[in-house]
Amino acid sequence: MNRKRALYITSALAVASWLPGCASQQIATNCTAGQPAEKKDVTIIYGDSQLQADAKVNVKPDGQLVFRLKPKSDKGPNGLDYATVRVTIKGKSGENGADWIDVAGTADSSNGKLTQCVPAGQPEGTYYYLVTVDQVGVLDPRVEVTKKSTL
């Protein structure tokens, strides 16, 4: 009886020690401060010879940047479906580079959203990144990281 109880207690302690690790991973991917009030959207519209993105967006450290992909429904050259074209969003390197921005996908494969968490300790400042839409073009918007409320 004591062995069963010791095994039960040991198992319970092992499971309890694993849970904090799982919880911290969950928080990291969900951007703790990036709940709905701290989520900022960047709309990217693209199609035949057209590419447009919000030029600037403000977000707090540990907030969420949600890139909304809006491909044109018109077919491109040779019947190209823009919903299947790969969109890559990557921070520029250098002094004001946003190395922490690195997402990619298609409107079809991502339900039209690519989400990027801003690091919790990201210093305030202006950060530049590139939006590359295969077979369409490249833009270089920016994001302002600020601890002040932008509402």
Picked from the range 134-151 (must be modelled with pLDDT under 85 and of a type outside the set (G, A, S)), the residue surrounded by the most Cβ atoms within 10 Å (Cβ to Cβ) is T150
Checked pairs for the range 111-134, first without any contact (Cβ under 8 Å) to a residue 40 or more places away in the chain and outside the structural domain of K70 (by TED's automatic domain parsing), second surrounded by 17 or more Cβ atoms within 10 Å (Cβ to Cβ) and among the hydrophobic types (A, V, I, L, M, F, W, C), C-beta under 8 Å and 6 or more apart or across chains, list as none
Check: Scanning for something surrounded by 15 or more Cβ atoms within 10 Å (Cβ to Cβ) and under 23 Å from K39 (Cβ atoms), does the range 72-82 turn up at least one residue?
Finding: no
Only one of (1) touching a Leu at 6+ places or on another chain (Cβ under 8 Å); (2) modelled with pLDDT under 95 does not apply to V87, and that is (2)
Counting only residues in the range 38-69 that are closer than 18 Å to R86 by Cα and over 16 Å from the mean Cα position of the chain (by Cα), the one modelled with the lowest pLDDT is identified as S49
Subset of the range 54-82, residues of a type in the set (G, A, S) and within 22 Å of P119 (Cα to Cα), comes to A55, G63
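The values are calculated or read from the model by the stated rules, or taken from the named source; none is laboratory data. Quick caveat: nothing in here was measured; it's all calculated off a predicted structure. Because the Cβ atoms are built from the backbone with ideal geometry, glycine has one as well, and the counts that use them run over all protein chains shown.
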